[in-house]
1. Given the rule -39500 (n - 2.57) for each run of at least 4 DSSP H residues, summed and divided by the residues of the chain, what is its mean residue ellipticity at 222 nm, to the nearest 500 deg cm²/dmol?
2. Could you calculate the contour length gain from residue 77 to residue 191, that is, 0.36 nm times the residue separation minus the distance between their Cα atoms, to one decimal place in nm?
3. What is region 364-415 by shape, rounded, prolate or oblate, if you read a ≥ b ≥ c off the alpha carbon gyration tensor as root eigenvalues and call it rounded for a/c under 1.5, prolate for a/b larger than b/c, and oblate otherwise?
4. Determine, for 260, 115, the number of other Cβ atoms within 10 Å of each Cβ, and report the residues in order from fewest to most.
5. Which shape class, rounded, prolate or oblate, goes with the chain when its Cα gyration tensor gives a ≥ b ≥ c as root eigenvalues, a/c under 1.5 marks rounded, and past that a/b bigger than b/c marks prolate?
6. How many nm is it between the label spots at residue 457 and residue 217, if each spot is 7 Å from the Cα in line with the beta carbon?
7. How much length would be gained if the chain were fully extended between residue 24 and residue 95, taking 0.36 nm per residue of separation minus their Cα-Cα distance, in nm to one decimal?
8. Quickly rank 8-21, 200-213 as a protection proxy: mean count of other C-beta atoms within 10 Å, highest first.
Amino acid sequence: MDGIANSPSARDKAFLVHPMTNLKTHQDIGPTIIESGSGVRVKDDAGKEYIEGMAGLWCTSLGYGNERLIAAATKQMRALPYVQQFRHMSHDPGIDLAEKLVGMAPEGITKAFFVNSGSEANDTIVKFIRFYHNSIGQPQKKKIIARDKGYHGTTLVAASLCGLPHMHAAFDLPMAGISHTMCPHYYRYGLEGESEEEFATRCAEDLEKMILAEGPETVAAFFAEPVMGAGGVITPPKTYFAKIQAVLKKYDVLFVADEVICGFGRTGNMFGSDTYDLKPDFMTVAKALSSAYLPIAGVLMREEIFNAMADHAGELGILGHGYTYSGHPVASAVALETLTIYEELDIVARVQETSKTFMRELQAFDDHPLVGETRGVGLVGAIELVVDKKTRAPVDAKGPAPDYLYGRIMQSGLITRPIGNSIAFCPPLIISPADVEEMFSRFRTALDETLDHGTREGMFKAA
Ligand SMILES: Cc1ncc(COP(=O)(O)O)c(C=O)c1O
């Protein structure tokens, strides 16, 4: 009895509050405790092995047990575990990392500011956008537009930027001055007879209408992920970003590319901005920046913005923003080693090659009776589940089918991420083509079992 009461699972339930979790259900089902990992596989406390089909939370790009990252952290911790970056203090790993990141970033991006998470990075950008517009004598230009189904983090500002209802109502969000334009998901929101390009035009028109309704002189910036991740892995429709960027340019609205998932090879180029020809004024980077071995994220910005901010800081005597752990030396050293490994592996070429298998295996689900759409790019993708391929009626995300499927997926030895009526795949970038095949083969087993069981049990009711 005591053994059970003192089990890790019981102590988890007794003491640990889990993020992004149904706290009530957790008390019934308890945790899945993962104890170790190697390559693209992790093991739970019962010794069961899983392919990590989500690279943790879209982040462990180099997989598990990377000795070079461990060595980089150990070496830096011995040499200098901490030094601040406030008030002119600095350290080599931070300087090296800023230089390296700027060298990799799209043209025009020349400065890097470090924080500890994607949420902090997006909060920081909103503050910098305010600081910048105050500095150039446009204090009325402060409003932000993001997108329905966008995901940008969970702090008050970042959650407000998200376009996901479960992150708003219960927290009295979004904050004033942040609104959302339509989600560019052609399969779900395209109209009967509307082409992908026409749909993209409609998305850009929606943005333009919103800017005009708000008053262009008050709209400061637009936030977008190149590929929407936590909203369901939504790849942009053809011509979307060209049309969106034209609208932003017309009304002098800054463009923030949130590269937290897309950055560092995920979409088959170094940044999602390269894949979709984006010219961002700010970029958010996190996750694969350190392969998630330590928390670190960054705000990258254009020279003109930095210059205006520097002038303003000169007048005020300070840029009054920063974190104790901005550019933590150990995290910086690990990030620097991560970027070096990407170069040595030629990660972009490697992702492009593995992506052929990934996309082929993903699209092989197009024929499955429960699949409405498969979508993806590089090594990120999703499978959207429907009860009727013709009407596209989604599988009820709140019904029993997704839970049953997820149970079968875990049972098959695979970790993925259910998002509404879609299942996301985002394996470590180092995954081999053979393991991509194995990942999707496990998923197929789980999906077929769900189809059989769900049909017998009458689970496939439309939402
Ligand atoms: C696109 C995007 N932006 C921001 C964030 C927030 O990052 P963090 O969880 O590190 O705060 C995430 C996290 O998944 C993300 O996917």
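1. Values: 17 runs with 196 residues, N = 463.
Computed mean residue ellipticity for the chain: -13000 deg cm²/dmol.
2. Values: separation 114, 0.36 × 114 = 41.04 nm, distance 5.59 nm.
Once the chain is fully extended between residue 77 and residue 191, it gains 35.4 nm.
3. Details: a/c = 1.97, a/b = 1.07, b/c = 1.85.
In terms of gyration-tensor shape, oblate.
4. On the way: 260 30, 115 26.
Ordered by Cβ neighbours within 10 Å, fewest first: 115, 260.
5. It is oblate, given that a/c is not under 1.5 and a/b is not larger than b/c.
6. 6.0 nm
7. Working: separation 71, 0.36 × 71 = 25.56 nm, distance 4.53 nm.
Between residue 24 and residue 95, full extension yields an extra 21.0 nm.
8. Values: 8-21: 11.1, 200-213: 18.2.
Going by the mean number of other Cβ atoms within 10 Å, highest first, we get 200-213, 8-21.
Here, each number is a calculation from the coordinates, and none is a lab measurement. Computed from a predicted model, the values in this text were never measured in an experiment. Backbone-built Cβ (ideal geometry, glycine too); neighbour counts: all protein chains shown.
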